[in-house]
Amino acid sequence: TVQAQILRLLRDRARASQMAMMLITHDLGVIAQMAEQVVVMYAGRIVEQGATAEVLRHPQHPYTRGLIDSRPVPGERRRRLYSIPGHLPAGCAFAGRCERATARCREAIPPLLGDRQRAACFYSEFAEVTA
């Protein structure tokens, strides 16, 4: 109920201001209620895009299908939720493409460090200050 009130408030404010609104979420129920268009991203890349009703009704990418299948269905309390198989590699997601990457980068996820500007890198100047 609180979520519905907040979403209604956002929609009303956007309409009153004649502004577009971009929502970033894994909640396909929110997408179905709020968005005319949807962009599905995986690992920072667009994997599917189109009219929300079409994408949710006929997903073409396996990740979109996985998101749809993993949502709870009202009234089906005993159904085990689908989980997308696989895993992301350990460590920094950018390590395979980074000229500064070391074994440490491939083994551990660097923390987000800094104050006004932050970076998740073991070798940023922010990491050197806190080390």
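The values are calculated or read from the model by the stated rules, or taken from the named source; none is laboratory data. These figures come from a predicted structure and were not determined experimentally. Neighbour counts run over all protein chains shown; Cβ positions are idealised from the backbone, glycine included. Surface accessibility is based on the protein's heavy atoms, side chains included, excluding ligands, DNA and RNA. Shrake-Rupley method; radii C 1.70, N 1.55, O 1.52, S 1.80 Å.
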Hey, can you rank 103-110, 117-124, 2-9 by average C-beta count inside 10 Å, highest first? 117-124, 103-110, 2-9
Accessible surface of the range 1-107, 1.4 Å probe, proportion on carbon and sulfur as whole %: 53 percent
Summing -39500 (n - 2.57) over every DSSP H run of at least 4 in the chain, dividing by its residue total and rounding to the nearest 500, the 222 nm mean residue ellipticity is -9500 deg cm²/dmol
Starting from the amide H of Y42, placed 1.01 Å from N in the peptide plane, find each other amide H under 5 Å away whose residue is 5 or more places distant or on another chain. V47
Theoretical gain in end-to-end length, V39 to D12 [0.36 nm per residue, Cα-Cα removed]: 7.5 nm
Options [x] -0.38, -1.37; [y] -0.45, -1.19; [z] -0.24, -1.30 for log10 I(q)/I(0) by the Debye sum over Cα atoms at q = 0.09, 0.22 Å⁻¹; the value derived from the coordinates is listed as [y]
Could you work out the relative contact order of the chain? I mean the mean sequence separation of Cα pairs under 8 Å and 6+ apart, divided by the number of residues, in percent. 11 percent
Protection proxy ranking of 45-56, 88-99 - average other beta-carbon atoms within 10 Å, highest first: 45-56, 88-99
Rounded to whole Hz and in sequence order, give me ³J(HN,Hα) for the range 95-109 from the Karplus expression 6.51 cos²θ - 1.76 cosθ + 1.60, θ = phi - 60°, writing x for Gly and Pro. 4, x, 10, 9, 6, 9, 5, 10, 4, 4, 5, 7, 9, 10, 7
Per residue, how much accessible area does the chain show when a 1.4 Å probe rolls over the protein heavy atoms, in square angstrom? 83 Å²
